[in-house]
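Please read the structure below before turning to the comments.
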Amino acid sequence: MQFGWLTLALSPNPDEDAVRIEQQIQQVQAAEALGFGDVWLTEHYFTGESVYNDALLFASALTQRTSRIRIGFAVVQMPFHHPVRLATQLALLDNLSHGRIDVGIGKGTVYNEYEFIGHGLRSDDSRDRMAEALEVLERAWRETPLVYEGKYFNLRVPELRPKPVQPFGPPIWRSVISPGSFTECGRLGIPILTSRLPVARIKERWQLYESGIAEGGHDAGVRDRLLSQAALWRNVYVAETDAQAEDELSALLLRTRSHMMHVRHEYNPPDFHVDPVMLNAWTNPDVSEAEALAYVLSTGSLYGSAATVRDQVAELRDVGVRHLLCQTGFGDMSHEQNLLSMRRFGEQVMPAFRSDR
């Protein structure tokens, strides 16, 4: 199996931001030393939810403080970026990292409308903006000159420099949830990320992805690469005992949810309503803390002693997961607590799956 490390850690107040940013860099360095193969950066604004806010600029620091680990984005919120600027930044990052960049893309948060408003936008046209920006992004890496006329962007680019190190640019990944998205991404040969998918659904979704790959006419090499890359995101917390892990993780997750609900209530405008299809027990403010916690622990978390977590990872491997993204930091968790859990996972869990590569 491949193990990635994902960061979505809150800075609880502005006075801690600088320290927390440096700690994030140290955590990425620890992930590389422990043998994680990739790190994935999230992008959120204005509330400390992703303390560095600008994932692209933060990634540039990581290119200079790491040497092997791949650096990915889960995800770049496309409406917040001009595509030529984004293409230029990602090409530079690919050069600075010597070809270690992966780019997950999305149409922007479906819960935090205040992030759109903060960028002078609303989310109503986010899907169309993303589609057009993605076309510009990919063509900018491949066409000289680039001439583009669209609804949101009209431009002429003489030549994009520097060119990315990776042929045709850094790989573009998609975050998927619905069954149809798995099939469509397989058909198009696009690497995928997914999150709170219950174990009972994973095999079915992975089969849809593989069927899509076959429909797309991709050869065996591409099929094997895409299936080995397909990434499942889980909260991961390893403690000395199962009871300790559950107690400590539960407290961290509930504080995280409380912050999340507070900022959405305070900053989202009155005319904004989340599509009910996108709500689950964790994201629905009308659901009790107890029910929300039970949901996220059962569908989105690996936790317990090292022996218990090894069994949980083995269960995922046995239904087809070959690339696990581990979020080890939650809310205002301390740097020391995060590193301790990371080390337990890296030293006591990951070695059991090295032969699965």
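The values are calculated or read from the model by the stated rules, or taken from the named source; none is laboratory data. On a predicted model such as this, the values are computed, not experimentally measured, just so you know. Because the Cβ atoms are built from the backbone with ideal geometry, glycine has one as well, and the counts that use them run over all protein chains shown. Keep in mind that these areas ignore ligands, DNA and RNA; they rest on the heavy atoms of the full protein, side chains included. Shrake-Rupley method; radii C 1.70, N 1.55, O 1.52, S 1.80 Å.
What is the number of the single condition among (1) open to solvent by 20 Å² or more (accessible area, probe 1.4 Å); (2) outside any helix (DSSP H, G or I) that Leu160 does not meet? Among (1) open to solvent by 20 Å² or more (accessible area, probe 1.4 Å); (2) outside any helix (DSSP H, G or I), the lone unmet condition for Leu160 is (1). Annotation: of all residues in the range 333-357 being in contact with a strand residue (DSSP E or B) (Cβ under 8 Å, 6 or more places away or on another chain) and part of a loop (DSSP other than H, G, I, E, B), the one that is modelled with the lowest pLDDT is Arg357.
In the range 168-189, the residues that are in contact (Cβ under 8 Å) with a residue 40 or more places away in the chain reach residues that are exposed (fewer than 15 other Cβ atoms within 10 Å of the Cβ) and among the basic types (Lys, Arg) with C-beta atoms within less than 8 angstrom, at least six apart or across chains, in these pairs: Gly169/Arg142. Here the condition is being part of a loop (DSSP other than H, G, I, E, B), of a type in the set (D, E, K, R), open to solvent by 20 Å² or more (accessible area, probe 1.4 Å) and over 24 Å from Ile177 (Cβ atoms); of Asp271, Asp247, Asp286, Asp311, it holds for Asp271 alone. Take Gly118 and tell me if it is modelled with pLDDT of 95 or more and over 24 Å from Trp233 (Cα atoms). Yes.
Of the conditions (1) under 21 Å from the mean Cα position of the chain (by Cα); (2) in contact (Cβ under 8 Å) with a residue 60 or more places away in the chain, Leu297 fails just one. Which one is it? Failing condition for Leu297: (2).
For the range 136-148, the set of residues classified as within 22 Å of the chain's Cα centre (by Cα) and either among the aromatic types (Phe, Trp, Tyr) or buried (at least 17 other Cβ atoms within 10 Å of the Cβ) (or both) consists of Leu137 only.
Quick grid of which residues meet (1) small (Gly, Ala, Ser); (2) at pLDDT 95 or above; (3) closer than 18 Å to His98 by Cα:
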{"site": "Ser123", "(1), (2), (3)": "yes, yes, no"}
{"site": "Tyr148", "(1), (2), (3)": "no, yes, no"}
{"site": "Asn154", "(1), (2), (3)": "no, yes, no"}
{"site": "Leu160", "(1), (2), (3)": "no, yes, yes"}
{"site": "Val165", "(1), (2), (3)": "no, yes, yes"}
{"site": "Trp173", "(1), (2), (3)": "no, yes, no"}
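Beta carbons closer than 7 Å, at least 6 apart along the sequence or on distinct chains, pair a first residue in the range 330-345 that is open to solvent by 20 Å² or more (accessible area, probe 1.4 Å) with a second that is of a type in the set (A, V, I, L, M, F, W, C) for Asp332/Leu10; Leu339/Ala30; Arg343/Leu34; Arg344/Val238; Arg344/Ala306.
Determine whether Asp224 is assigned to a loop (DSSP other than H, G, I, E, B) and among the acidic types (Asp, Glu). No.
When the range 205-225 is filtered for residues that are closer than 30 Å to Leu279 by Cα and either open to solvent by 70 Å² or more (accessible area, probe 1.4 Å) or touching a helix residue (DSSP H, G or I) at 6+ places or on another chain (Cβ under 6 Å) (or both), the ones remaining, listed by number, are Arg205, Gln207, Leu208, Tyr209, Glu210, Gly212, Ile213.
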